[in-house]
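Visitor: Have a look at this one.
The values are calculated or read from the model by the stated rules, or taken from the named source; none is laboratory data. Keep in mind the model is a prediction, meaning the values are calculated, not measured. Quick reminder, even Gly has a Cβ in these numbers, built from the backbone with ideal geometry, and neighbours come from all protein chains shown. Quick note on the areas: whole protein, heavy atoms, side chains included, nothing else; ligands and nucleic acids left out. Shrake-Rupley method; radii C 1.70, N 1.55, O 1.52, S 1.80 Å.
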Amino acid sequence: MTLLEFCQWLEQSPVGTGIRESAWWYSILETFHTLGIVLVAGTIVLVDLRLLGYGLRRVPVSQVIGYVVPITLSGFVFMAISGSLILTSEAVTCYNSAFFRTKLVLLALAGLNALIFHATVYRDAPSWDPRAATPPRARMAGLASLILWAGIVAAGRAVAYAPGYGL
């Protein structure tokens, strides 16, 4: 089975058809997806701005991360579940969308950036955590994260407004 055939099957599944043909489900899922985006992007921006030295400079990075990671993860769960269900209703359209593919690549890169940050730079946080200025590698991770998440949101919105959507 090719990826396109899988997308066709997914879209024609009872779940995909039910969401697509429902008067309410698609809108409800979009609302939850937007809520997830707000929670994820909003909390990530707080951490990234702290890493860059533009906000919360008096609060140690570990405290900022400790406060927002549970919210970020909750938002990501909202996004993943609602996004997966939305995908079932328009899988072929997403398969054909360069913006959707870009969004997935950027999501993978953002996840890799976070993984690398936490596995390397953040391990040394006790030595630099209380200082207002973070090390260059932490600032680079924050900048990369801001750029990637801006791209994810932009690509996600572009999926719905690109030529050919809904045809």
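Visitor: Does Ala125 meet the test of being at pLDDT below 95 and closer than 20 Å to Val45 by Cβ?
Guide: Spelling it out, Ala125 is indeed at pLDDT below 95 and closer than 20 Å to Val45 by Cβ.
Visitor: With the requirement that a residue be among the hydroxyl-bearing types (Ser, Thr, Tyr) and closer than 24 Å to Pro136 by Cβ, what does region 1-58 give you?
Guide: Thr43, Tyr54
Visitor: Exactly one of these conditions fails for Ile37: (1) closer than 30 Å to Gln12 by Cβ; (2) surrounded by fewer than 19 Cβ atoms within 10 Å (Cβ to Cβ); (3) not hydroxyl-bearing (Ser, Thr, Tyr). Give me its number.
Guide: In the conditions (1) closer than 30 Å to Gln12 by Cβ; (2) surrounded by fewer than 19 Cβ atoms within 10 Å (Cβ to Cβ); (3) not hydroxyl-bearing (Ser, Thr, Tyr), Ile37 misses (2) alone.
Visitor: What number of residues in region 24-34 are under 23 Å from Ala114 (Cα atoms) and open to solvent by 60 Å² or more (accessible area, probe 1.4 Å)?
Guide: So the count comes out to 1.
Visitor: Quick one: in region 57-86, of everything that is within 14 Å of Ile28 (Cα to Cα) and in contact with a helix residue (DSSP H, G or I) (Cβ under 8 Å, 6 or more places away or on another chain), which residue is most open to solvent (accessible area, probe 1.4 Å)?
Guide: Ile81
Visitor: Checking Thr120 against (1) polar (S, T, N, Q); (2) exposed (fewer than 15 other Cβ atoms within 10 Å of the Cβ); (3) in contact with a Ser or Thr (Cβ under 7 Å, 6 or more places away or on another chain): exactly one of these is not met. Which one?
Guide: Only one criterion in (1) polar (S, T, N, Q); (2) exposed (fewer than 15 other Cβ atoms within 10 Å of the Cβ); (3) in contact with a Ser or Thr (Cβ under 7 Å, 6 or more places away or on another chain) is unmet by Thr120, namely (3).
Visitor: Right, another one. Can you name the residue in region 123-133 that is open to solvent by 80 Å² or more (accessible area, probe 1.4 Å) and among the charged types (D, E, K, R) and is also farthest from Phe100 (Cα to Cα) among such residues?
Guide: Among those residues, the one meeting the criterion is Arg131.
Visitor: Further question: I'd like the full set of residues that are at negative phi and either of a type in the set (A, V, I, L, M, F, W, C) or surrounded by fewer than 16 Cβ atoms within 10 Å (Cβ to Cβ) (or both), limited to region 40-56.
Guide: Result: Val40, Ala41, Gly42, Ile44, Val45, Leu46, Val47, Leu49, Leu51, Leu52, Tyr54, Gly55.
Visitor: I would also like to ask the following. Could you say which residue among Leu115, Leu107 is open to solvent by 90 Å² or more (accessible area, probe 1.4 Å) and not hydroxyl-bearing (Ser, Thr, Tyr)?
Guide: Result: Leu115 is the single residue among Leu115, Leu107 that is open to solvent by 90 Å² or more (accessible area, probe 1.4 Å) and not hydroxyl-bearing (Ser, Thr, Tyr).
Visitor: Asp129: of a type outside the set (Ser, Thr, Tyr) and touching a helix residue (DSSP H, G or I) at 6+ places or on another chain (Cβ under 8 Å), yes or no?
Guide: Criteria met by Asp129.
Visitor: Test Glu21 against the stated conditions and say whether it is open to solvent by 70 Å² or more (accessible area, probe 1.4 Å), farther than 17 Å from Leu107 by Cα, of a type in the set (Asp, Glu) and without any contact (Cβ under 8 Å) to a residue 60 or more places away in the chain.
Guide: yes
Visitor: Among what's in region 134-153 and is over 11 Å from the mean Cα position of the chain (by Cα) and free of Cβ contacts under 8 Å to residues at least 24 places away in the same chain, pick the residue that is most open to solvent (accessible area, probe 1.4 Å).
Guide: For region 134-153, the residue satisfying everything is Arg137.
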